[in-house]
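Undergrad: Sharing a structure here in structure tokens format.
The values are calculated or read from the model by the stated rules, or taken from the named source; none is laboratory data. Bear in mind the structure is a predicted one, so any value in this text is a computation, not a measurement. Positions of Cβ are generated from backbone atoms using ideal geometry, with glycine treated the same way; all protein chains shown enter the neighbour counts.
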């Protein structure tokens with residue numbers, strides 16, 4: 001069984017500029033204008049090197065090789081509608097070429113070179129796709145792909161030409177087959193040779209060999225053998241476009257046939273698995289050529305049958321999408337919105353809903369619509385009812401039944417004209433809704449819109465001037481005249497803003513809303529009263545909290561000042577000990593208004609607190625720099641008469657040690673301690689060694 005995968009590209013239709021026309025003229029030999037009996041178009045068809053909306057990816061070198069399969073000779077490739085091979089072709093392909101679009105910065109990229117090479121194995125090209133995907137090349141917002149196919153086509157079918165010109169056909173789709181090769185981007189498996197893998201179409205999968213990076217499951221076709229190109233309704237390739245060629249002096253144009261270089265591949269085995277690709281948005285590529293089963297509800301099936309009858313040349317998938325969208329509009333009474341008010345049968349209502357979907361993106365031309373209404377008024381011999389552009393501008397919005405102030409219905413004549421026109425109107429706006437609106441206007445005006453007659457078949461009453469009149473004159477008026485003057489007066493009041501349109505219904509709704517709002521307001525007021533006491537308590541708590549906060553701030557400021565003062569004292573002391581300042585007062589004055597953080601680094605540079613502590617407590621009475629200092633506790637005025645009073649504790653301890661050594665007969669050690677104490681200025685100079693006998697009293 002032959003396996004097929006369909007890809008379809010939807011291409012926008014735009015007119016070319018002069019440079020584009022000249023480029024194609026040069027390429028095609030100078031004669032690429034419209035043919036004498038058809039419309040010539042240029043199509044920027046399916047693109048390679050990017051992910052289209054169908055979750056498919058085409059290799060540029062494979063696409064370039066496939067260009068030759070577009071037949072342009074005596075039996076050219078056909079232009080169809082909606083890929084329907086059973087219908088007659090609407091045109092043919094006259095020329096085809098591959099246009100590379102590699103950005104300058106990627107010309108030397110090895111993966112891009114591999115994708116552009118016709119000799120590279122497809123498995124290596126799949127790896128290159130993964131490499132570029134991982135680097136984010138294909139995900140760039142302005143990415144244009146690596147190349148695309150450009151086609152020249154002639155359209156001969158009059159209806160199709162008209163549909164292209166008025167915008168009903170704004171996209172095309174290519175259809176090709178890939179014999180013997182369609183690879184999975186995730187695992188690289190060739191479905192034609194090895195069967196299908198387990199990766200679901202379009203789903204993302206982590207790759208263990210590449211740190212868990214996620215890739216989408218895509219089909220990568222091998223060879224491209226193009227079968228046909230079709231006009232379709234929806235676009236799948238956002239970059240694709242179709243341009244209408246210049247038709248000036250079309251009588252002098254000639255049809256140019258490119259050489260028919262397409263040949264059947266004789267090396268292809270007839271039993272080789274072939275995949276078919278159609279690049280249109282609605283098509284989900286199936287894994288077999290069997291017809292896909294479409295599940296629809298009963299309501300959707302009913303609408304599907306109607307749409308199928310109305311658009312018998314459309315693809316079933318497109319019809320299914322329309323059927324689902326339209327069936328979703330049905331209300332609980334199983335009718336479309338405004339269908340009953342418009343007095344339409346189901347088929348007509350579905351037709352109008354379908355046309356509304358097809359023209360949803362268009363803009364209405366109100367002047368053109370009214371020009372058609374004027375034609376209807378002329379046929380009804382009601383030309384005197386026509387409105388000038390200025391008169392229509394002055395009408396209130398409520399008079400119009402169509403979008404953008406189209407379909408004005410100020411009187412019965414316009415009611416009739418509107419109803420006659422709606423059936424052939426092809427612009428945007430739901431025609432069922434328009435008809436329902438016209439019917440409401442007809443009832444308000446006392447007419448049914450049929451040739452200016454009232455609903456009971458009588459002629460419409462003459463226009464009644466809104467003039468003051470006596471009660472007797474009102475009594476003499478006929479019922480139709482009274483009704484007409486009443487309605488006219490109401491419309492005038494509505495226009496002046498003194499009366500609401502559809503007063504009864506609108507007022508009831510308005511009153512219900514007002515009452516509901518009043519109830520909510522009463523509940524809100526009760527809740528507000530309850531919250532007042534809570535608000536008072538919260539305010540008192542906030543005031544107390546603020547007072548506490550202010551007290552804490554004051555304490556913080558005081559502590560900060562105290563801490564700074566202590567830090568200044570310590571840094572001043574260190575600065576004096578480290579010879580940075582002459583005195584404590586000088587140091588403190590220098591630090592008065594300066595940042596202590598910066599000064600601390602400068603003052604403590606080279607200062608070792610442990611070393612200083614050791615020196616100041618080793619009994620030598622030395623400053624941190626090692627210089628001797630005079631001990632103010634030592635009395636230096638002794639005349640050598642014994643041990644002076646007021647010696648420091650280290651000095652007294654040293655004397656006790658000397659005496660013990662002398663007592664033990666260690667005279668040399670005793671003299672050493674004595675000399676050390678003298679050198680360190682811990683003993684006064686007049687304290688003699690002999691005075692430190694054992695019997696000498698060391699205290700006063």
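Undergrad: So, of the residues in the stretch 133-146 that are within 16 Å of residue 101 (Cα to Cα) and touching a residue at least 12 places away in the same chain (Cβ under 8 Å), which turns out to be surrounded by the fewest Cβ atoms within 10 Å (Cβ to Cβ)?
TA: 144
Conditions (1) surrounded by 10 or more Cβ atoms within 10 Å (Cβ to Cβ); (2) under 49 Å from the mean Cα position of the chain (by Cα); (3) modelled with pLDDT of 85 or more, marked per residue:
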position	(1), (2), (3)
528	yes, yes, yes
538	yes, yes, yes
541	yes, yes, yes
545	yes, yes, yes
552	yes, no, yes
557	yes, no, yes
560	yes, no, no
565	yes, no, yes
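Undergrad: Moving on to the next point. Restrict the check to the stretch 619-637 and report whether at least one residue is at pLDDT 80 or above, exposed (fewer than 15 other Cβ atoms within 10 Å of the Cβ) and either in contact with a helix residue (DSSP H, G or I) (Cβ under 9 Å, 6 or more places away or on another chain) or not in a loop (DSSP other than H, G, I, E, B) (or both).
TA: Looking through the stretch 619-637, none of the residues is at pLDDT 80 or above, exposed (fewer than 15 other Cβ atoms within 10 Å of the Cβ) and either in contact with a helix residue (DSSP H, G or I) (Cβ under 9 Å, 6 or more places away or on another chain) or not in a loop (DSSP other than H, G, I, E, B) (or both).
Undergrad: Being at pLDDT below 80, touching a helix residue (DSSP H, G or I) at 6+ places or on another chain (Cβ under 8 Å) and farther than 30 Å from residue 200 by Cα is true for just one of 36, 29, 73, 91. Which residue is that?
TA: Result of the check over 36, 29, 73, 91: 36.
Undergrad: Please tell me if residue 554 is assigned to a helix (DSSP H, G or I), outside the structural domain of residue 680 (by TED's automatic domain parsing), in contact with a helix residue (DSSP H, G or I) (Cβ under 9 Å, 6 or more places away or on another chain) and more than 28 Å from residue 680 (Cα to Cα).
TA: No: the conditions fail for residue 554.
Undergrad: Residues that are modelled with pLDDT under 85 and at positive phi: does the stretch 589-598 have at least one?
TA: There is no residue in the stretch 589-598 that is modelled with pLDDT under 85 and at positive phi.
Undergrad: Let me ask something else. Can you confirm whether residue 339 is surrounded by 13 or more Cβ atoms within 10 Å (Cβ to Cβ), in a helix (DSSP H, G or I) and within 40 Å of the chain's Cα centre (by Cα)?
TA: no
Undergrad: Okay, moving on. In contact (Cβ under 8 Å) with a residue 24 or more places away in the chain, touching a strand residue (DSSP E or B) at 6+ places or on another chain (Cβ under 8 Å) and outside the structural domain of residue 169 (by TED's automatic domain parsing): does that describe residue 349?
TA: Against the criterion (in contact (Cβ under 8 Å) with a residue 24 or more places away in the chain, touching a strand residue (DSSP E or B) at 6+ places or on another chain (Cβ under 8 Å) and outside the structural domain of residue 169 (by TED's automatic domain parsing)), residue 349 does not qualify.
Undergrad: Please enumerate the residues belonging to the stretch 376-400 that are touching a strand residue (DSSP E or B) at 6+ places or on another chain (Cβ under 8 Å) and in a loop (DSSP other than H, G, I, E, B).
TA: Within the stretch 376-400, 387, 395 meet the criteria.
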